[in-house]
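Q: Questions regarding the structure given below will be posed in turn.
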Amino acid sequence: MIARLAALVAVLAVLSVVFGVLEARWPSIRGQRRRRPGLGTDLAWWFWNPLVNQPIAFVGVLLVVVPIALVVTAGGDGATLKERLEARETWLSAQPLWLQTVQLLVLFDLIGYWSHRGFHRIETLWRYHAVHHSSVELDWLSAVRVHPVNELGTRVLQAAPIVLLGYDTSLVAAFVPLLTFYAIGLHANLRWDFGWFRYVIGSPVYHRWHHTTELEGLDRNFAGMFPWLDIVFGTLYFPRDRQPLEFGILGDVVPTGLLRQLWYPWRKRPAAAPGPDGSVPAEA
Ligand SMILES: [Zn+2]
């Protein structure tokens, strides 16, 4: 545990320096404060996320994946489930690794797209996701503000089909840290839109539009890695000539503080609580 904490402090220090330099050199919003509102909350999330959220999500994934894996690998008596999964050969796992990697990334992002869209469109789910959207001054550290129910839901939905379909499971383990760092970069206060590749790979500007409270950007840009998924499903907003300036959620205030944000989705609210677009449902 001490070693884990020390590693988290070390990574935090390194990323603070790296993003400190990048955000100073290529800011999307010039002059944004480093000691911004919610900084202490996000520092608490930085530790909470790997120490609590991820183990919860891991157990959730196991609860869903193990029964599926037992069925799809039935007949391998004597071997452990891990050995049976590794020994399992499907036409998908027989492909070259690079091809599996591309397919897995697209599948991950496709499922991530629809689960993310679900977290925006379904009012009960939005309460959990609103916590992630509550940063009003967005930078790289804002990425870690993710409610455990949000993390659990997304990870379970992403992991189950991968095992069911029969991809090489060791690939998935290799992805996780990479995708985590990628998600951190997407929130950074950087004016990078990746030019010619803007629709191929998600950039900070693309994802910062997802976090805006400016009306044009509401409920847009749901993909994590591949903006072309938003083109396919009609949800892209990615102008060339401007970048978002306002962030947060409309119609409600998510309190600061880790514990208050953890409790936020369950707290008692007025009958007509605002939805993701800030609108109040009409009385029935
Ligand atoms: Zn969102």
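Bear in mind these aren't lab numbers, they're just calculated from the coordinates by the rules spelled out. On a predicted model such as this, the values are computed, not experimentally measured, just so you know. All Cβ positions, glycine included, derive from the backbone under ideal geometry; neighbour counts span all protein chains shown.
Q: What number, rounded to the nearest 500 deg cm²/dmol, is the helix-based mean residue ellipticity at 222 nm of the chain, given -39500 (n - 2.57) per DSSP H run of at least four residues and division by all its residues? If you can, show how the numbers build up before the last one.
A: Details: 11 runs with 151 residues, N = 284.
When only DSSP H runs of four or more count, the value is -17000 deg cm²/dmol.
Q: Work out how much length residue 124 to residue 258 would gain on full extension: take 0.36 nm times their residue separation and subtract the Cα-Cα distance, in nm to one decimal. Don't skip to the end; give the middle numbers.
A: Numbers: separation 134, 0.36 × 134 = 48.24 nm, distance 2.00 nm.
Gain on extension, residue 124 to residue 258, equals 46.2 nm.
Q: Work out which helices of the chain, taken as complete DSSP H runs, extend at least 30 Å along their axis over the Cα atoms and score a mean Kyte-Doolittle of 0.0 or more, then list them.
A: Counting only whole DSSP H runs, the qualifying helices are 2-25, 97-121.
Q: Return 84, 4 ranked ascending by Cβ neighbour count within 10 Å, so the fewest neighbours appear first.
A: Final ranking by Cβ density, sparse to dense: 4, 84.
Q: Contour minus end-to-end for residue 102 and residue 51, with contour as 0.36 nm per residue of separation and end-to-end as the Cα-Cα distance?
A: 15.4 nm
Q: Sticking with this one: Between residue 232 and residue 21, what length in nm is gained on full extension when 0.36 nm per residue of separation is reduced by their alpha carbon distance?
A: Answer, rounded to one decimal: 72.4 nm.
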